[in-house]
Every structure is written in C-alpha cells, then in structure tokens.
Amino acid sequence: MKKIIHTEKAPKAVGPYSQAVENNGMLFISGQVPVNPQTGTIAEDITAQTQQVMENIKAIIEEAGYSMKNIVKCTCLLDDMDNFKAMNEVYATYFPTEPPARAAFGVVKLPLGVKVEIEAIAMK
C-alpha cells in the first residue's frame, strides 16, 4: 500500500509531487534541491549545496523510519560536471561504507537555479 512521506525538516515540494513515497518496503525519495527548510535559502557553492541536499534526504529517510544505510540507489544531477569532484567528496561522507549504486548526470538547468539535485531509493 502506497504511503506518502512528509517532514517539515526537508523543503516542501515545489510542484505536484511528494517528498517521498513508500510502498512494499521501498522508499522513493523525490529529487532534493539544496533549499534550507528552516530559512528557505540556498547556499552559493556546490559543497554547501550538496551538504544541504544530503541533509534533506536524511531528514526524509528518518521520517519514514529508514536510515542512510537503507539507500540502495541515488541519481545525482549537476548543472556543471566540473562540480562533480566537490559534490562527490561531500556525498561520500554520507556513505562511508557500502555506498549505494549511483548515476550522475550533467544537465542543462535545475529548478531554482541550483547546482545539484539528488534523488534516492531505499529498501528495508
């Protein structure tokens, strides 16, 4: 049975989608952008933006009763592949052992003019 997951500790959806949807022990987290949910602000640099995105994902994961260790797949979208190394350094700190499968893509433009967006899938 499909269950919608929402937390005030992550940014509100800016369109017709849910922060996450759980179904049959799987959690699908919508692409998260680096909006600080308390202030609504967006940091300038890729390092701070990636950290905020990962904190938003972590908040949603925990709200659903999962942990970061439950993430099995991520998709990272970057507006500039020159930011890949800096994004990767921050991303790696959230998965110190047994990181999930992942794809990373360079895209033309991301919502709100951000530098990075990451979506995730977790399983119990």
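A short reminder: the numbers here are calculations on the coordinates, not readings from a lab. Quantities reported herein were computed from a predicted structural model and do not represent experimental measurements. Cβ sites come from the backbone with ideal geometry, for glycine too, and all protein chains shown count toward neighbours.
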| request: Would you give the gap between the C-alpha center of segment 1-57 and the C-alpha center of segment 108-124, rounded to a whole Å? | output: 9
| Of M54, H6, G40, farthest towards positive along the dipole that unit charges on Lys, Arg, Asp, Glu beta carbons give the chain | H6
| Quick one: helix 46-63 against the long Cα principal axis of the chain, what's the angle to the nearest 10°, folded into 0 to 90? | 0
| remark: For the pair M81 and E98, the simple spin-label estimate (label points 7 Å beyond Cα toward Cβ) gives in nm 3.2
| said: Given all pairs of different Cα atoms, what value in angstroms does the Kirkwood hydrodynamic radius of segment 1-59 take? | reply: 12.0
| said: Run the count for segment 20-124, please: Lys pairs, Cα-Cα under 28 angstrom, 8 or more apart or on different chains. | reply: 15
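Give me the Å³ per residue figure for the convex hull around the C-alpha atoms of the chain. Walk me through the numbers on the way to the answer.
Working: hull volume 11.9 nm³, N = 124.
Dividing the Cα hull volume of the chain by its residues yields 96 Å³.
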| said: Please compute the alpha carbon radius of gyration of segment 36-95, then divide it by the globular-protein estimate 2.2 N^0.38 Å. Two decimals is fine. | reply: 1.16
| said: Taking the Cα centre as origin and putting +1 on Lys and Arg beta-carbons and -1 on Asp and Glu beta-carbons, what dipole magnitude results for the chain, to the nearest 20 debye? | reply: 440
| query | Counting DSSP beta bridges with both partners in segment 3-123, what percentage is antiparallel, nearest 5? | reply | 75
